[in-house]
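Step one of this worksheet: look at the structure below.
The values are calculated or read from the model by the stated rules, or taken from the named source; none is laboratory data. Quick caveat, the model's predicted, so the values are computed rather than measured. Note: ideal-geometry Cβ built from the backbone for every residue, glycine included; neighbour counts use all protein chains shown.
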Amino acid sequence: MQFLVLARVAEGVAMEQVLPYVKAEAEMVWQQYSAEIVRSVYYIADMSGAVLMCEAPTLEAMQEIAAQFPMAQAGVLKFEVLPLKPYLGLGSLFAKS
């Protein structure tokens with residue numbers, strides 16, 4: 001199952017509080033990438049967080065994985081896990097009568 005994971009700096013958290021976790025967070029992203037969980041990772045353009053495209057067997061499994069990230073454990077990032085499914089609406093545009 002595919003997921004969009006939004007990781008945003010928690011409200012009221014200064015960037016100085018985030019910086020000590022950057023290396024550990026990057027290492028965890030790399031571990032999850034190597035395990036074929038994280039498929040791609042991007043910064044949000046204003047640098048307020050990151051977006052990860054991920055794969056996991058279930059929503060619960062993905063939430064557990066996200067909760068293990070160092071910045072989630074430290075409370076400096078808030079993770080929102082959005083389950084995705086294919087958009088099938090295009091078929092109706094091309095249905096033959």
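Just a few scattered comments:
- Within segment 6-38, the set of residues being at pLDDT below 95 and of a type in the set (Phe, Trp, Tyr) is empty.
- Residues in segment 4-28 that are assigned to a strand (DSSP E or B) and under 19 Å from residue 75 (Cβ atoms) were compared, and the one that is farthest from the chain's Cα centre (by Cα) is 9.
- Taken together, 41, 51 contain a single residue that is touching a Phe, Trp or Tyr at 6+ places or on another chain (Cβ under 6 Å) and at negative phi, which is 51.
- With respect to the stated conditions, residue 24 fails to be over 23 Å from residue 1 (Cβ atoms) and either exposed (fewer than 11 other Cβ atoms within 10 Å of the Cβ) or touching a strand residue (DSSP E or B) at 6+ places or on another chain (Cβ under 6 Å) (or both).
- Residue among 34, 40 that alone is of a type in the set (Gly, Ala, Ser), closer than 29 Å to residue 15 by Cα, under 10 Å from the mean Cα position of the chain (by Cα) and surrounded by fewer than 13 Cβ atoms within 10 Å (Cβ to Cβ): 40
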